[in-house]
Amino acid sequence: MLHVISKTLIGVVSFLMLSINTLFWSLLLLFVALLKLLLPFKPARIHIDRILNGLAANWISCNSGWMRLTQKTRWDVQGLDGLQYNNWYLVNTNHQSWVDIFVLQHLLNRKIPLLKFLIKRQLIYVPVIGLAWWALDFPFMRRHSREYLEKHPNKRGKDLETTRKACEKFARIPTSVMNFPEGTRFSTTKRDKQKSHYRFLLKPKAGGIALALESMGHKFQSLLDVTIVYPDGAPRFWDFLCGMVKRITIRIRHLQIPKEFIGADYENNAKFREAFQQWLYQLWMEKDERIGQLLAEKNPASMSYP
């Protein structure tokens, strides 16, 4: 009983520190974002974008601070060497939990530019943080079902257009464009419903990555292929706040992006589309095998917080 109370107390304290930290930095972000709206000049906006990204990096650093205070996680991390803060990166990773985002932000903060990723449109209404994402130019996507698109064909391609406009902004200053090709968090139920060929992954969607390469592929230093494994099972966010995530394993591969994929038209070039999909499927097959190997390891290396 005392053990349960202790874990719950840690969760409450973690949640309060996260909330206070988020509120403080989000209010600063919104103030600076208002200045950006009042100064519609490209040089001014580029300078303000740098300030906004710096504020977001401070928020992540403070999150890392309370994580160190409340977590006793053993980390097994490989692949952080050779990263450059003043370059562009395309980050490709599997997705199992909301914890993934905190893990990636913690590991990569100030080692590469601020991670920016696609967000479901509904999340703009999340108090405070939704507006902060808007201030940082995170692209908000409307995920329509196949049935909806059949009834409203004019909505097809809207998400791709949103992605294209976001990439045009990302090209102004060094940015890390993060993509979850699965499109949603993995579960065995979703995998079986999809009839996925992979054991630990859902089928990857190529459109978002391809469009990023079309819009700003010449900017990317490399593709960071990230594999996240929770040896004790994918945690709920509350489990994470309570300090119950005992082990996290991360593998990062630095991959050169094939030159023929940069600037190519994924929507209208069928030959390129097929080649790109096959390339992504191969990466996903390798990732699936890597996850299986990491889960089979009984004694991963023990590390403190990186």
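All of the numbers you see were taken from the coordinates with simple rules; none came from a lab. Predicted, not measured: the structure shown is a model, and the values here were computed from it. Positions of Cβ are backbone-derived with ideal geometry, glycine not excepted, and every protein chain shown enters the neighbour counts.
Here percent of Cα pairs over 34 Å apart was computed from the coordinates, and among [x] 15; [y] 23; [z] 27 the match is [y]. Within the straight-line cut-off of under 14 Å between alpha carbons, the aspartates and glutamates reachable from Lys287 are Glu182, Asp225, sequence neighbours fewer than 8 places apart in one chain being disregarded. In plain terms, the chain from Ala270 to Arg110 could stretch by 53.8 nm, reckoned as 0.36 nm per residue minus the Cα-Cα distance. Given the pairs Lys42/Lys169; Lys205/Lys259; Lys36/Lys116; Lys219/Lys271; Lys203/Lys271, which span a C-alpha to C-alpha distance of over 22 angstrom in this model? As for pairs spanning more than 22 Å Cα to Cα, those are Lys219/Lys271. Ranking Ile209, Gln256, Thr184 by Cα position along the charge dipole of segment 72-296, where only Lys, Arg, Asp and Glu carry charges on their C-beta atoms, puts Thr184 farthest toward the positive end.
Peptides 261-268, 228-235 ordered by packing proxy, namely the average of other Cβ atoms within 10 Å per residue, highest first: 228-235, 261-268. In this simple spin-label approximation, Lys72 and Glu168 carry label points 7 Å from Cα along the Cα→Cβ vector, and these lie 5.3 nm apart. Using a simple spin-label model with pseudo-atoms 7 Å out from Cα toward Cβ, Ser61 and Gln256 lie 3.6 nm apart.
Stretching the chain fully between Gln278 and Ser187 yields a gain of 30.4 nm (0.36 nm per residue, less the alpha carbon separation). Using Cβ point charges alone (K and R +1, D and E -1), the dipole size of the chain about the Cα centre works out to roughly 440 debye. Each peptide among 70-81, 103-114 gets the average number of other Cβ atoms lying within 10 Å of its residues, and from highest to lowest they stand as 103-114, 70-81.
Each helix, a run of at least 4 DSSP H residues, gives -39500 (n - 2.57); summed and divided by the residues of the chain, these come to -16000 deg cm²/dmol at 222 nm. Applying the criteria of a DSSP loop state and at most 13 other Cβ atoms within 10 Å to the chymotrypsin sites (Phe, Trp or Tyr not before Pro) of segment 14-58 yields Phe41.
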